[in-house]
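Visitor: My questions will all concern the structure given below.
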Amino acid sequence: MAWDLIDTAELVGGELALYRQGDRSSGEVFMIRVNGLELMNGFGHQSETVLGEMAVAVAKVSAPHILIGGLGLGYTLAATAAALKGAGRITVAELSPKVIEWFDRYVSASVLPERPLNLAIVPGDIGAFIRGKDVGPFDVIVLDVDNGPEALVSPQNAHLYSAEGLHAFAAKLSPNGVILLWSAFEAPDFVVLAEGAGFAVSATALAAVRRPDLLHYAYVLEHDFGSRQKSR
Ligand SMILES: C[S@@+](CC[C@H](N)C(=O)[O-])C[C@H]1O[C@@H](n2cnc3c(N)ncnc32)[C@H](O)[C@@H]1O
């Protein structure tokens with residue numbers, strides 16, 4: 001079946017586009033492309049769903065505050081909300097206001113029909129958001145803004161995966177907080193960088209739906225900067 005173009009959104013140096021197959025009565029599935037490349041597809045969201053479940057599983061507290069970047073088609077958000085069962089809080093940072101509009105208007109009916117009361121969706125770059133005053137602390141920060149720790153959606157995203165970018169996230173983690181990063185590929189160079197920046201890194205391979213030959217990865221980054229600061 002062909003994908004129908006629903007809408008486009010301008011990005012710095014590019015374009016996002018929302019596509020749909022099917023309709024509400026027969027069942028609809030959405031896809032987001034960035035500059036013509038598939039970013040997220042509703043047929044293959046298994047690993048994004050597992051990422052949301054992992055976000056709650058890796059939290060060291062029972063009612064965590066979880067920051068998710070970005071929204072996409074909302075599968076990670078929906079899985080996080082389901083696993084939290086109303087406990088804790090979820091903040092989503094999404095670069096494109098249009099993606100938020102698409103989610104509310106087209107996508108949420110099939111992905112997250114009931115908006116959780118503990119959810120806030122904030123438009124804008126997660127890298128800028130995390131540096132804001134009075135932001136955090138977060139028990140878990142989930143990063144799924146590109147296809148892995150390499151800039152795809154915006155050239156500015158490269159900064160998120162630098163030592164300085166990771167330290168900016170770590171500064172807004174609670175003392176036992178963790179960063180969870182989704183990747184479509186194994187990223188050994190990123191692991192070396194993150195370990196060099198003071199994080200303990202572990203990776204979990206995630207099965208990708210409909211592609212038994214394909215694995216996605218969740219990188220868990222833990223830091224002890226908070227506890228070091230506390231013990232001083
Ligand atoms: C791969 S999709 C996320 C998929 C999502 N996990 C899901 O379950 O559908 C990436 C999303 O991150 C957003 N994004 C890209 N760069 C961002 C940034 N710097 N800050 C916040 N959101 C960003 C994109 O607009 C897009 O909506």
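Visitor: Identify all residues within region 1-35 that are in contact with a helix residue (DSSP H, G or I) (Cβ under 9 Å, 6 or more places away or on another chain), hydrophobic (A, V, I, L, M, F, W, C) and part of a loop (DSSP other than H, G, I, E, B); write none if there are none.
Guide: VAL12
Visitor: Which residues, counting only those in region 1-48, are among the basic types (Lys, Arg) and more than 15 Å from the ligand (Cβ to nearest atom)? Break it down stepwise before answering.
Guide: Kept after step one, since they are among the basic types (Lys, Arg), are these residues of region 1-48: 20, 24, 33.
Scanning region 1-48 gives a single hit, ARG24.
Visitor: Ok, one more. Working only within region 14-61, note down all residues that are more than 17 Å from the chain's Cα centre (by Cα) and under 19 Å from ASP139 (Cα atoms).
Guide: Scanning region 14-61 gives LYS60, VAL61.
Visitor: Still on this structure, please answer the following. Quickly run through region 1-25 and pick out the residues that are of a type in the set (Ser, Thr, Tyr) and closer than 16 Å to GLY36 by Cβ.
Guide: Here is the first cut: in region 1-25, the ones of a type in the set (Ser, Thr, Tyr) are 8, 19, 25.
Answer for region 1-25, where residues must be of a type in the set (Ser, Thr, Tyr) and closer than 16 Å to GLY36 by Cβ: THR8, TYR19.
Visitor: Just checking, does region 118-133 include any residue being crowded, with 20+ Cβ neighbours inside 10 Å, within 12 Å of the ligand (Cβ to nearest atom) and assigned to a loop (DSSP other than H, G, I, E, B)?
Guide: yes
Visitor: Those residues that are more than 12 Å from the ligand (Cβ to nearest atom) and either within 16 Å of ALA82 (Cβ to Cβ) or of a type in the set (Phe, Trp, Tyr) (or both), I need them from region 92-108; list them, please.
Guide: Step one: of region 92-108, the residues more than 12 Å from the ligand (Cβ to nearest atom) are 104-106.
Passing the criteria: only TYR106.
Visitor: Hey, another quick one. If we keep just the residues of region 54-81 that are closer than 22 Å to ARG105 by Cβ and among the aliphatic types (A, V, I, L, M), which is farthest from the ligand (Cβ to nearest atom)? Don't jump to the end; show me each part of the working.
Guide: Filtering region 54-81 for residues closer than 22 Å to ARG105 by Cβ gives 68-81.
Cutting the leftovers down to among the aliphatic types (A, V, I, L, M) gives us 68, 71, 73, 77-79, 81.
Details: ILE68: 7, LEU71: 5, LEU73: 4, LEU77: 7, ALA78: 8, ALA79: 8, ALA81: 12 Å.
Per the criteria, the residue is ALA81.
Visitor: Among what's in region 36-48 and is of a type in the set (A, V, I, L, M, F, W, C) and part of a strand (DSSP E or B), pick the residue that is surrounded by the fewest Cβ atoms within 10 Å (Cβ to Cβ). Working first, answer last.
Guide: Within region 36-48, the subset of a type in the set (A, V, I, L, M, F, W, C) is 37, 39-40, 43.
So of that shortlist, the ones also part of a strand (DSSP E or B) come out as 37, 39-40.
Details: LEU37: 10, LEU39: 21, MET40: 22.
Residue satisfying both the conditions and the ranking: LEU37.
Visitor: Kindly check whether there is at least one residue in region 61-81 that is more than 20 Å from LYS172 (Cα to Cα), in contact with a Phe, Trp or Tyr (Cβ under 6 Å, 6 or more places away or on another chain) and among the polar types (S, T, N, Q).
Guide: No, because not a single residue in region 61-81 is more than 20 Å from LYS172 (Cα to Cα), in contact with a Phe, Trp or Tyr (Cβ under 6 Å, 6 or more places away or on another chain) and among the polar types (S, T, N, Q).
Visitor: Could you check how many residues of region 137-169 are in a helix (DSSP H, G or I), of a type outside the set (Phe, Trp, Tyr) and buried (at least 23 other Cβ atoms within 10 Å of the Cβ)?
Guide: Going residue by residue through region 137-169, those that are in a helix (DSSP H, G or I) are 155-161, 163-169.
Narrowing the set further to residues that are of a type outside the set (Phe, Trp, Tyr) leaves 155-160, 163-168.
With the extra rule that they be buried (at least 23 other Cβ atoms within 10 Å of the Cβ), the set shrinks to 160, 166.
Final tally of qualifying residues: 2.
Visitor: Exactly one condition in (1) assigned to a helix (DSSP H, G or I); (2) surrounded by 23 or more Cβ atoms within 10 Å (Cβ to Cβ); (3) more than 7 Å from the ligand (Cβ to nearest atom); (4) not β-branched (Val, Ile, Thr) is false for LEU51; which is it?
Guide: All conditions pass for LEU51, except number (3).
Visitor: One residue is enough: does region 160-178 have a residue meeting the conditions aromatic (Phe, Trp, Tyr) and modelled with pLDDT of 95 or more? Even if it seems obvious, please write down each step before you answer.
Guide: Residues of region 160-178 that are aromatic (Phe, Trp, Tyr), as a first pass: 161, 169.
Checking which are modelled with pLDDT of 95 or more leaves us with 161, 169.
The answer is yes; a qualifying residue exists.
Visitor: Restricting to region 79-95, what's the tally of residues that are surrounded by fewer than 22 Cβ atoms within 10 Å (Cβ to Cβ) and among the small types (Gly, Ala, Ser)?
Guide: Number satisfying all stated conditions: 5.
The values are calculated or read from the model by the stated rules, or taken from the named source; none is laboratory data. Quick caveat, the model's predicted, so the values are computed rather than measured. Using ideal geometry, Cβ is built from the backbone for each residue, glycine included, and neighbour counts are taken over all protein chains shown.
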